[in-house]
Amino acid sequence: MPTLDQIIDNTKLLQDIELATAISELKSNPKQLNLFLQNQQDLVFNDIVKQKDNTFQKVYGDLKRATIAQDSIAMYNKRSKELEAINNQVYKNQENIASTITEDKNLAGRKNEMNEWTVNNKKDTLFVFSSIFIMLSGLLLIVVLWRLSVINSYICTALGAPLIIICILIILNRSQYTNVLRNKRYWNKKIFEGKYNKIPIPNICPDTSPVASGLPPVTISAALPK
């Protein structure tokens, strides 16, 4: 029984014999040889054209997909930039709103402080003018009583002098305190300057270290078992 290699060799030999026979027949008939060669040429040409067309279609498809991917990336980048610009604009708007609210709050607080200072200053000034009016009214009454001989000059002087002194003290105190000691921003605050600095904090914890107390340092040693 022949082996597989022998069968393959016999098959190749038979193919070679058939091919040699076909070539001999074609050589004896030039018309069939030309037709055979033309058919083979057409088959080779069509195969080459088909391969080139497939290669071109593949390259064109890859290029088209690459172009689409590039356009998609460009569109995504453009969309990302637009979203970033929108986010930046929203952030700037929120920042401007927050800054405006803070400025309005500070302005309203400062305006309230100014109004409070102005109103209290006017009240204080009105108190001074009221004191002057009371003093003048009292002096006028005392002078009228003195001119009517109800009181003598001694009593007139004794009653008028305190009124004048009290009025002068009120005016001096108001001028001194408002112009020098009163805070120019907050009406109810006073300016502390000059010798009124920070209060020194005393050291209530004495140093009890051996060096500070003049004692020699103590060394603690433990007996180790041998």
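Read the figures in this text as sums done on the coordinates, not as results from a lab. Keep in mind it's a predicted model, so treat the numbers as computed, not measured. A quick note on method: Cβ atoms are made from the backbone with ideal geometry, for glycine too, and the neighbour counts reach across all protein chains shown.
Is there a residue in segment 71-89 that is of a type outside the set (A, V, I, L, M), farther than 28 Å from R185 by Cα and touching a residue at least 12 places away in the same chain (Cβ under 8 Å)?
So far as segment 71-89 goes, no, none of its residues is of a type outside the set (A, V, I, L, M), farther than 28 Å from R185 by Cα and touching a residue at least 12 places away in the same chain (Cβ under 8 Å).
Is there a residue being within 35 Å of the chain's Cα centre (by Cα) and in contact (Cβ under 8 Å) with a residue 12 or more places away in the chain anywhere in segment 127-138?
No.
Report yes if some residue within segment 95-117 is assigned to a helix (DSSP H, G or I), free of Cβ contacts under 8 Å to residues at least 24 places away in the same chain and loosely packed, with under 10 Cβ neighbours inside 10 Å; otherwise report no.
no
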